[in-house]
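Quick note: the coordinates plus some simple rules give every number you see, no bench work behind them. Values in this document were obtained by computation on a predicted structure and should not be read as measured data. Reconstructed Cβ throughout: ideal geometry from the backbone, glycine too, with neighbour counts over all protein chains shown.
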Ligand SMILES: [Zn+2]
Ligand SMILES: [Zn+2]
Ligand SMILES: [Zn+2]
């Protein structure tokens, strides 16, 4: 791992008050490199030979979700998609564009959507996630 990347990852763990463990570092490295939401299965296969067992990966991901370092970007048909929360604000995640043709998902880091100001009676808004659907250049 390059030292600059290692430093960034360690800073992320420190700011979330999480111990710098091997599996956490590896998962963050994969999330940073992917630059898009990934399923736990994708993360496990990206680990190659160094992979810990799947349960450890799931547990580590959930642990980073609880600490706010990682967000569940959205829930797909069969699996949850995880990504680094560094491009999100406290109440709003950056929007995502999903291609209805091939399912490819792109992060829209530079687009901000105004926050909903009201919720159904008795409901409390905690987080806003916006998903746009359409066609990617290959499917259009
Ligand atoms: Zn988010
Ligand atoms: Zn497509
Ligand atoms: Zn994203």
*How high is the FRET efficiency between residue 66 and residue 140 when r is their beta carbon distance and R₀ equals 41 Å, given to the nearest 0.05?*
0.60
*Which residues in region 104-140 have a backbone N closer than 18 Å to a point placed 7 Å from the Cα of residue 36 along the Cα-to-Cβ line?*
104-111, 130-140
*Pulled fully out, how much extra length does the chain show between residue 49 and residue 132, if you take 0.36 nm times their separation in residues and subtract their Cα-Cα distance?*
26.3 nm
*Extension gain residue 121-residue 5, at 0.36 nm per residue separation less the Cα-Cα distance, in nm?*
37.2 nm
*Reciprocal mean inverse distance between Cα atoms of the chain - Kirkwood radius, Å*: 16.3 Å
*asked:* Just to be sure I understand: with springs between alpha-carbon atoms less than 10 Å apart, which residue in 72, 19, 87 has the highest mean-square fluctuation in the Gaussian network model of the chain?
replied: 19
*Crossing angle, helix 22-34 versus the chain [Cα axis fit, 0-90 degrees, rounded to tens]*: 40 degrees
_Over the chain, with a Gaussian network built from C-alpha contacts below 10 Å, which listed residue (60, 100, 39) shows the highest mean-square fluctuation?_
100
*Folded to 0 to 90 degrees: helix 54-66 orientation relative to the chain principal axis, Cα*: 60 degrees
*Rounded, prolate or oblate: which fits region 44-83, taking a ≥ b ≥ c as square roots of the Cα gyration tensor eigenvalues, rounded meaning a/c under 1.5, else prolate when a/b beats b/c?*
oblate
